[in-house]
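Shown next, in structure tokens, is the structure this report addresses.
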Amino acid sequence: MRLIRAAVLGAAAAALAAPAAMAAPTVIKFSHVVAENTPKGRAANAFADIVNTFMGDEVRVEVYPNSQLYNDNKVLEAMLLGDVQMAAPSLSKFERYTKKLQVFDLPFLFRDIDAVDRFIASPAGQGLLASMERKGIVGLGYLHNGMKQLSASRPLRVPADANGLKFRIMSSDVIAAQFEAVRATPLKKPFSEVFTLLQTKAIDGQENTWSNIYSKKFYEVQPYITESNHGYLGYMVVTSKEFWNGLPEATRAKLKKALDIAIEYGNQVARVKAGTDRAAIARSGRSEIIQLTDEQRAQWVEAMKPVWKKFEREIGEDLIEAALRANE
Ligand code: LMR
């Protein structure tokens, strides 16, 4: 990882021109909810390192991880009020601002991260970065976390095993419908509350990526994790239109370059952590990792896929088709 980081700073040195001197640097508060040793945590810190090293006279980035400043259900409001300047909520948390991003939540839509990469690079995917401009939000880029797994207090092998269980979900109606499709009860709760809800058994399960399950120790309070890879968890790095447009054009260009480099680094961390954090959980012996047979997996697909139809109009058939084409 250190090598990747050195390469990131090297690339930034080549890409960013000498800082233009200004009276007082503009401060960018970047608020997020995950631990620092995660794809998002690492990308945010890399962005801060690059900007503070190469543009420090002009702009200073302060990163606030672990919901220190805001949880994800509040950060967008705070950003629009100017209390923070950047955030990277998961794509599931923009529902109040656009329905289009719900495409990323559709269960079993993307085969893997490579398919997501192709979709976000496509005109449809790039167009979504501008889908909230009317609401004052500018999308600066996408960042991966990984594919989601299901954890629970009992083994989940077939959809009927989830029947009657309570699952914490992000604030997404698509994800709510996904759990209702297997007769479970979804509860929308902030990420910062998940560990305690699981530990106190107020809820029975949750869905998340290997890196979030590991870094927030969910595996210590969930005896079973089903390797379902049933959905994608990624982020949009956003800023407010007001803040962004208030910066000189040259500053915007340099910040965007710095962010692109940090995102590329974060995406490499995501790919590594999907394997290493899963392995660390397996080694811990605290949680049993359940692998589905093809036949069991087919049952989950069949149970959850009707969710697509339900949201087809809100999301747009064209967008769903573009996402599906990315699997090819
Ligand atoms: C969650 O709330 O489960 C995730 O969005 C957390 C994150 O930012 O990865």
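Every number in this text was worked out from the coordinates using simple rules, so none of it is lab data. Owing to the predicted nature of the structure, the values given are computational and were not obtained by experimental measurement. Glycine gets a Cβ as well: all are built from the backbone with ideal geometry, and neighbour counts include every protein chain shown.
Listed here are the residues, each with its yes/no results for (1) out of contact with any Pro (no Cβ under 9 Å at 6 or more places or on another chain); (2) in a helix (DSSP H, G or I).
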site: Ala43; (1), (2): yes, yes
site: Ala46; (1), (2): yes, yes
site: Val63; (1), (2): yes, no
site: Ser67; (1), (2): no, no
site: Val84; (1), (2): yes, no
site: Leu129; (1), (2): yes, yes
### Task
Those residues that are under 15 Å from Tyr224 (Cα atoms) and either outside any helix (DSSP H, G or I) or under 23 Å from the mean Cα position of the chain (by Cα) (or both), I need them from region 283-299; list them, please.
Gly285, Arg286, Ser287, Glu288, Ile289, Ile290, Gln291, Leu292
### Query
Within region 123-171, which residues are of a type in the set (Lys, Arg) and either without any contact (Cβ under 8 Å) to a residue 24 or more places away in the chain or crowded, with 21+ Cβ neighbours inside 10 Å (or both)?
Arg134, Lys148, Arg168
### Query
Would you call Val116 buried (at least 20 other Cβ atoms within 10 Å of the Cβ), among the hydrophobic types (A, V, I, L, M, F, W, C), under 20 Å from Glu321 (Cβ atoms) and within 16 Å of the ligand (Cβ to nearest atom)?
yes
### Task
List every residue pair whose Cβ atoms sit under 7 Å apart, with the two residues 6 or more apart in sequence or on different chains, where the first one lies in region 279-291 and is of a type outside the set (Val, Ile, Thr) and the second, anywhere, is assigned to a strand (DSSP E or B) and surrounded by 14 or more Cβ atoms within 10 Å (Cβ to Cβ).
Ala282/Ile289; Ser287/Tyr224; Ser287/Ile225; Glu288/Tyr224; Gln291/Glu227
### Message
Among the residues of region 183-199, are any buried (at least 19 other Cβ atoms within 10 Å of the Cβ), of a type in the set (Phe, Trp, Tyr) and out of contact with any Asp or Glu (no Cβ under 8 Å at 6 or more places or on another chain)?
### Response
no
### Message
Pairs needed: first member in region 256-278, acidic (Asp, Glu); second member anywhere, in a helix (DSSP H, G or I); C-beta distance under 8 Å; at least 6 residues apart or different chains.
### Response
Glu264/Val8; Asp277/Trp210; Asp277/Ser211; Asp277/Ile213; Asp277/Tyr214; Asp277/Ser215
### Query
Which number in (1) over 26 Å from Arg286 (Cα atoms); (2) surrounded by fewer than 16 Cβ atoms within 10 Å (Cβ to Cβ); (3) touching a residue at least 24 places away in the same chain (Cβ under 8 Å); (4) not aromatic (Phe, Trp, Tyr) marks the one condition that Ile175 misses?
(2)
### Task
Go through (1) part of a helix (DSSP H, G or I); (2) away from the ligand (no atom under 15 Å from the Cβ); (3) of a type in the set (S, T, N, Q) one by one and return the number of the condition Thr98 breaks.
(1)
### Query
Of all the helices (runs of 4 or more DSSP H) wholly in region 181-279, which have at least 3 residues that are on the phi < 0 side of the Ramachandran plot, within 16 Å of the ligand (Cβ to nearest atom) and touching a helix residue (DSSP H, G or I) at 6+ places or on another chain (Cβ under 9 Å)?
194-199, 210-215
